[in-house]
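Peer 1: Below you will find the structure I want to go over with you.
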Amino acid sequence: MIKRITNLFVLLLALPLFAQLGGESTYQFLNLVSSPRQAALGGKIITNFDHDVTDALYNPASINYQMHNQLAVNYSSYLGGISYGTAAYAYTWDRHLQTFHFGVTYINYGSFDGYDLQGNSTGTFTGNEAAVSAGYNYNIPFSDFYVGANLKIITSLLEQYNSVGGALDFGIMYINEDIDFNAAVTVRNLGTQFSTYAGQNETLPFEVNFGMSQTLENINLRWHLTLDNLQQWPIGVSNPARATTDLDGNQTEEKVSFFNQALRHLILGAELWPDRGFNLRVGYNFRRAEELRIVDQRNFSGLSVGVGIKMNKLRFSYTHARYTSASNTSFLGLQIDLDGRRR
């Protein structure tokens, strides 16, 4: 059994490199962070296995009975006036059937001024997208491995154009309770458009991630390491703004080294007192830091910090994520324990 599971891990990591990154596929909002906790730990943490019901939006293998009757809502005033949020709920029918998970991801791009080809105003228009998901997790008998899947229905409205699609997420997680160590692989957004915007079918933002986390033995701190976008190499491209010009006017493009390419897949995070009523969280996203950095200026792009506070049946979360000197983002979250049991 262990050999078969190991082979499955290798297979998931060796999927064909056919996926697209930002700007090259539709429904890009599907890969936004799902909660303030995720944002604080760098953006893509897939190894938490606890009460946090929003974790299952990114990794369905994290669905578990501790999420029973937990309702979470999260909101962010994103960049450029964009707002988006998520909601999640889980219910355990019984310990045999495990736990069912339901989620919603929504993004609103705001209002825009429309013009025709002659420059005449056509009024204002809006754009928004949403995905509704249902997920389930299964513990492989007599093992420490969990597998899960999310089924998502996606809708998108951009001015007069609309599209409907469907996608599947798969996750597998290994949990070693003796050393408090978790490892996971997620394969996200395997799907297609059922109807297109203007007759042209577009790919979905397929993504493969691998993660590990562990709570230290003598310090109540859990570290997280995530390798994201493993379906594509290289992930970085030259930035035209960083080209150099010599005295003769010859331009040299920025060279992205092998080490820099590898580093852009890395996300690090740490959570202090993860199982207490008060948590401190910090994360660093190397790709965001590299792509948004300003030459010869320290602006701390890629850094995120957050807190979590539990008060009776409520859990509050807040995260501040650094993008550029001109733009930062705040994430707010609330989780309600509808079950009433102390956790």
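Peer 1: Principal axes first, then extents: for the Cα atoms of the stretch 74-132, list largest minus smallest coordinate on each axis, whole Å, largest first.
Peer 2: Taking max minus min along each principal axis of the Cα atoms, the stretch 74-132 gives 64, 20, 11 Å.
Peer 1: Sticking with this structure for a sec: Over its Cα atoms, what ratio of radius of gyration to 2.2 N^0.38 Å does the stretch 2-337 give?
Peer 2: Normalised by 2.2 N^0.38 Å, the Cα Rg of the stretch 2-337 equals 1.04.
Peer 1: Separation between the F316 and S143 pseudo-spin-labels, each 7 Å from Cα along Cα→Cβ, expressed in nm?
Peer 2: Taking the simple label geometry, F316 and S143 are separated by 4.3 nm.
Peer 1: What is the diffusion coefficient of the stretch 121-268 in µm²/s, taking the Kirkwood radius over Cα pairs and the Stokes-Einstein relation at 37 °C with a viscosity of 0.692 mPa s?
Peer 2: Translational D for this selection: 168 µm²/s.
Peer 1: Moving on. Please work out the FRET efficiency for the pair L151 and L221, using the Cβ-Cβ distance as r and a Förster radius of 35 Å; give the result to the nearest 0.05.
Peer 2: According to the calculation, E is roughly 0.50.
Peer 1: How many lysine pairs are close in the stretch 2-337, with Cα atoms under 28 Å apart and the two 8 or more places apart or on different chains?
Peer 2: Taking the stretch 2-337 as the scope, the lysine pair count is 5.
Peer 1: Fully extended, how many nm does the chain gain between V104 and A198 (0.36 nm per residue separation, minus their Cα-Cα distance)?
Peer 2: Here the segment from V104 to A198 would lengthen by 31.3 nm.
Peer 1: In whole Hz and in residue order, list the ³J(HN,Hα) couplings for the stretch 204-211 that follow from phi through the Karplus curve 6.51 cos²θ - 1.76 cosθ + 1.60, θ = phi - 60°; x for Gly and Pro.
Peer 2: Values, residue by residue: 8, x, 4, 8, 10, 10, 10, x Hz.
Peer 1: On full extension of the chain, what length is gained from D94 through L332, given 0.36 nm per residue of separation minus the C-alpha to C-alpha distance?
Peer 2: Value of the extension gain: 82.5 nm.
Peer 1: Which value at 222 nm does the chain reach when only helices count, each DSSP H run of 4 or more adding -39,500 (n - 2.57), with the total divided by all residues and rounded to the nearest 500 deg cm²/dmol?
Peer 2: Helices in the chain give a 222 nm mean residue ellipticity of -2500 deg cm²/dmol.
Peer 1: Which of the peptides 313-323, 119-129, 151-161 is most tightly packed, and how do the rest follow, judged by the mean count of other Cβ atoms within 10 Å per residue?
Peer 2: 313-323, 151-161, 119-129
Rule-based calculations on the coordinates, nothing more; no lab input. Since the structure is predicted, the reported quantities are computational estimates derived from the model, not experimental observations. Methodologically, a virtual Cβ is constructed for each residue, glycine included, from the backbone with ideal geometry; neighbour enumeration extends over all protein chains shown.
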